[in-house]
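*Asks:* Just passing along the structure, written as structure tokens.
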């Protein structure tokens, strides 16, 4: 799924470049996914049944209303990205976002916000999270020279990454209650698209880039389809892996997918360096550590993670 995320990022990035308006590109991406979900809603009784279960769960108090607002996480990330990247560059924003996501994933799993239940903060899990941040930092290290420093932008990047972790957790819970990942995805895209439309209108009315109405090549409108696939699969998989391990797999897939794209369809002026390959290798190591595979091989001390169903004695935080 991380590989699909890399493809979506390339498509949305190209669309934003052609439009000269990253918020409009985000609206088109989210809106395209929402249109596809509306078509699915019309033809899939299971999706409609899932929405009825969600209404009943909210009415009965089994699901809190704010837990239906996961789409705000994705919308906030795009909005922050639009503000922060021009100030600190893509590389520094990427590292701050990943740092916020992995740190929040530890906390989200700890409090049991997602459907996988509570998972203790262990030395192994913290090591995997730190290694993932280091890996992403290494993979984009050659771009740090062109970055400037803005503490506000970095803090916003951390916060936006944290919201992605929260989004994944509550989308997973909504999918579990609805018994339908597509129903949870529909709620997510409705909230996210609404938020981005409001932001785009506000930015346009306050002197931002004008909205471009000229049609673009068809493939630039496929980002939403990739996005809904990613969100639906994530809502299902997080229930089995937890937020942190899913996030690590996503980060690894995104870095590796970006390398494949850069090799197959290179962007002028960009290239794949040794640092990029090293960072990709380190992300795989982070996934292995996070999954407890090294423990099973006897290379690390401590119990094997069991998805949070039982308390672990090697915790480092209560």
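*Asks:* Can you grab the distance from the C-alpha centre of the stretch 1-28 to the C-alpha centre of the stretch 109-137, Å, no decimals?
*Replies:* 28 Å
*Asks:* So what is the 222 nm mean residue ellipticity for the chain from helices alone, if each DSSP H run of at least 4 adds -39500 (n - 2.57) and you divide by all residues, rounding to the nearest 500 deg cm²/dmol?
*Replies:* -25000 deg cm²/dmol
*Asks:* Measuring from label point to label point, each 7 Å out along Cα→Cβ, what is the residue 206 to residue 60 span in nm?
*Replies:* About 4.3 nm, to one decimal.
*Asks:* Using the number of other C-beta atoms within 10 angstrom as an exposure proxy, rank 67, 214, 14 with the fewest first.
*Replies:* Ordered by Cβ neighbours within 10 Å, fewest first: 214, 14, 67.
*Asks:* Please work out how much length the chain gains when fully extended from residue 49 to residue 9, using 0.36 nm per residue of separation minus the C-alpha to C-alpha distance, in nm with one decimal.
*Replies:* Between residue 49 and residue 9, full extension yields an extra 11.2 nm.
*Asks:* What distance in nm separates the two pseudo spin-label positions at residue 17 and residue 144, each 7 Å out from Cα along the beta-carbon direction?
*Replies:* Between residue 17 and residue 144, the simple spin-label model gives 2.5 nm.
*Asks:* For Rg/Rh (Cα atoms, Kirkwood Rh), the listed values are (i) 0.93; (ii) 0.97; (iii) 0.99; which was obtained by calculation from the structure presented?
*Replies:* Step by step, Rg/Rh (Cα atoms, Kirkwood Rh) for this structure corresponds to label (ii).
*Asks:* For a paramagnetic label modelled at 7 Å from the Cα of residue 35 toward its Cβ, which residues of the stretch 225-263 fall within the zone defined by backbone nitrogen distances under 12 Å?
*Replies:* Counting backbone N atoms under 12 Å from the label point, the list is 225.
*Asks:* If each residue's Cβ is checked for other Cβ atoms within 10 Å, how do 251, 256 rank with the fewest at the top?
*Replies:* 256, 251
*Asks:* Using Cα pairs closer than 8 Å and at least 6 residues apart in sequence, work out the relative contact order for the stretch 2-296, in percent.
*Replies:* Once normalised by length, the contact order is 34 percent.
*Asks:* Could you list 230, 83 so that the one with the fewest beta carbons within 10 Å of its beta carbon is first and the one with the most is last?
*Replies:* In order of increasing Cβ crowding within 10 Å: 83, 230.
The numbers here are math on the coordinates, done by the rules we state, and not lab data. From a predicted model like this one, the values you see are computed outputs, not experimental measurements. Cβ sites come from the backbone with ideal geometry, for glycine too, and all protein chains shown count toward neighbours.
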